[in-house]
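The values are calculated or read from the model by the stated rules, or taken from the named source; none is laboratory data. This structure is a prediction, so every number in the text was calculated from the model and none was measured. As a convention, Cβ positions derive from the backbone with ideal geometry for all residues, glycine included, and neighbour counts pool all protein chains shown. Accessible surface is based on the protein model in full, side chains and every heavy atom, while ligands, DNA and RNA are left aside. Shrake-Rupley method; radii C 1.70, N 1.55, O 1.52, S 1.80 Å.
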Amino acid sequence: QVQLVESGGGLVQPGGSLRLSCVASGSQFYVMGWYRQAPGKQRELVAVISRGGSTNYAESVEGRFTISRDNAKNTVYLQMNSLRPEDTAVYYCNGGRLNGAVYWGQGTQVAVSS
């Protein structure tokens, strides 16, 4: 059974930092990433990373967020710095196989507010 389990969300003040983690089990993934969905909005890409370490970021988080992965631990991380109220959303971990299969975690809430 394939599972992706996120952790690390919470409430933080503007300008603060959070680190999200996502542990995968049951499969290795070629691409892993983070997406987010704010209330009333569509789910959007935040950042993705290939198994080899190539990364891609949404323009809105470039320079503030860093995605990384530990292949030995089958884990992907998202370090979020200089958080803004508009970063408030449910953050979802995503894993993609070479055969096109895609899996999602259950999501973790991030709230940025003073």
Discussion item. Which residues does the label zone of Gln28 cover in segment 35-67, counting backbone N under 13 Å from a point 7 Å along Cα→Cβ?
Written reply: 51-52
Practice prompt. Grab every C-alpha pair in the chain, bin the distances at 5 angstrom width from 0 up to the longest one, and report whole percents.
Written response: 2, 13, 24, 26, 19, 10, 4, 1, 0
Practice prompt. With +1 on each Lys and Arg Cβ and -1 on each Asp and Glu Cβ, and nothing else charged, work out how big the dipole of the chain is about its Cα centre, in Debye to the nearest 20.
Written response: 200
Discussion item. Computing the accessible area with a 1.4 Å probe over protein heavy atoms, can you report the carbon and sulfur percentage for the chain?
Written reply: 47
Practice prompt. Starting from the Cα of Ala58, step 7 Å along the direction of its Cβ; do the same at Glu86; then give the gap between the two resulting points in nm.
Written response: 1.0
Fill in: Sparse-neighbourhood loop sites, GluC sites (Glu not before Pro) in segment 40-81 - DSSP loop, at most 11 other Cβ within 10 angstrom
Glu59, Glu62
Practice prompt. Mind grabbing the accessible area of Leu4 for me, 1.4 Å probe, Å², rounded to tens?
Written response: 10
Worksheet item: Where the centre of each part is set by its Cα atoms, how far does segment 1-79 sit from segment 80-109, in angstrom?
Response: 5
Worksheet item: Just the accessible area per residue of the chain, please: how many Å² with a 1.4 Å probe?
Response: 52
